[in-house]
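What follows is a short report on a single structure.
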Amino acid sequence: MDFDEDAARWIEAVYQTPDVTAQRNAVLNSLQLVPGETALDIGVGPGLLARDMAAIVGKTGACHGIDLSAPMIAMTQNRCVDMDWARFEVADATALPFDDATIDAATSTQVYEYVEDMPLALKELFRVLKPGGRAVILDTDYDSLVLHTEHPERMARVMTAWDDHFVHRSLPQFLAPMLRDAGFTIRQRDAIPMFNPEFHRNTFSFGIIKGIADFAIGRNGISEDEANAWYAEQKALGAEGRYFFSINRYLFLVTKP
Ligand SMILES: C[S@@+](CC[C@H](N)C(=O)[O-])C[C@H]1O[C@@H](n2cnc3c(N)ncnc32)[C@H](O)[C@@H]1O
């Protein structure tokens, strides 16, 4: 997926819904940052989590963030312009621009599912953490998606098209052994459901459904008319009180021994 300016604005809107705000609060609750710590957010995206992290560590600490996308970094720098202890730069999760053992606590939420070389990304995360340092990793498992339809064949083809937007469609199922191989100790695992039984503007799925429809056009044989029909069905189900969307994100809290 190309995380350009349009994608940055779309993700910023979806990630300000109460569903994703609750997810960020769960991440922060697990990470237990304290003032004065050095924090790192890998793949900051629109910078909503990074800003929360910077606010907690405060000016006696430091908050770093990286992202492959220049528009995402620009959005995050703008969001944190009043925090001179928060620094953001374009970089890859597989080549972190930080010295060994310099970070107290790190996050990477909804990022590793886009990273091809996960062993290298986890090796980098391990390298930059201080001994005793901790990290929260959160990703979606698309095998957990339940989205009601009366056109299952079209639904299957649209979702196969959507699979193109990430590298790993079910990373959480495979993450625990990867984390152990990288040297981490797993401290906590939680499912974070995104459950929307209504098709309402201020929900996670309202924005995601539109993003899936737009992304599917021209992929896996999906025409614009077909993508629009797929979207229209979800909207109609919503109007009729028959909409049902549920998907799980999974949170892993790990420490470096
Ligand atoms: C869905 S957004 C999540 C943003 C943010 N972590 C959050 O949860 O709000 C995914 C982000 O991962 C970034 N990303 C993808 N692959 C990356 C990589 N290899 N290194 C750094 N960032 C990456 C994208 O540019 C995008 O900003």
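The values are calculated or read from the model by the stated rules, or taken from the named source; none is laboratory data. Please read all numbers here as calculations on a predicted model, not as lab measurements. So basically every Cβ, Gly included, is an ideal-geometry build from the backbone, and we count neighbours across all protein chains shown.
Details
- Every residue from region 161-216 that is in a strand (DSSP E or B) and closer than 21 Å to THR21 by Cα: GLN188, ARG189, ASP190, ALA191, ILE192, PRO193, MET194, PHE195, ASN196
- Scan of region 113-125 for residues that are farther than 13 Å from ILE66 by Cβ and surrounded by 19 or more Cβ atoms within 10 Å (Cβ to Cβ), ordered by number: GLU113, MET118, LEU122
- All of LEU145, LEU120, LEU125 fail the test of being in contact with a helix residue (DSSP H, G or I) (Cβ under 8 Å, 6 or more places away or on another chain) and not charged (D, E, K, R), apart from LEU145.
- Test: residue in region 46-59 that is within 10 Å of the ligand (Cβ to nearest atom), β-branched (Val, Ile, Thr) and touching a helix residue (DSSP H, G or I) at 6+ places or on another chain (Cβ under 8 Å): no
Okay, residues lined up against (1) in contact with a Gly (Cβ under 9 Å, 6 or more places away or on another chain); (2) at pLDDT 95 or above; (3) of a type in the set (D, E, K, R):
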{"position": "ARG154", "(1), (2), (3)": "no, yes, yes"}
{"position": "HIS165", "(1), (2), (3)": "yes, no, no"}
{"position": "LEU171", "(1), (2), (3)": "no, yes, no"}
{"position": "PHE174", "(1), (2), (3)": "no, yes, no"}
{"position": "GLY183", "(1), (2), (3)": "no, yes, no"}
{"position": "GLU224", "(1), (2), (3)": "yes, yes, yes"}
{"position": "ASN228", "(1), (2), (3)": "no, yes, no"}
{"position": "GLN234", "(1), (2), (3)": "no, yes, no"}
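- If the condition is being surrounded by 19 or more Cβ atoms within 10 Å (Cβ to Cβ), small (Gly, Ala, Ser) and more than 11 Å from the ligand (Cβ to nearest atom), then region 60-84 contributes GLY61, ALA62.
- Here ALA106 does not fit the description of being more than 18 Å from LYS256 (Cα to Cα), touching a Gly at 6+ places or on another chain (Cβ under 8 Å), of a type in the set (A, V, I, L, M) and buried (at least 23 other Cβ atoms within 10 Å of the Cβ).
- Considering only residues in region 127-172 that are closer than 30 Å to VAL34 by Cβ and more than 16 Å from the ligand (Cβ to nearest atom), the one that is surrounded by the most Cβ atoms within 10 Å (Cβ to Cβ) turns out to be LEU129.
- Set ARG9, ARG24: member being near the ligand (Cβ under 9 Å from one of its atoms), of a type in the set (Lys, Arg) and under 29 Å from PHE199 (Cβ atoms): ARG24
- Output for region 223-250, where each listed residue is surrounded by fewer than 21 Cβ atoms within 10 Å (Cβ to Cβ) and not in a helix (DSSP H, G or I): SER223, GLU240, GLY241, ARG242, PHE244, SER246, ILE247, ASN248, TYR250
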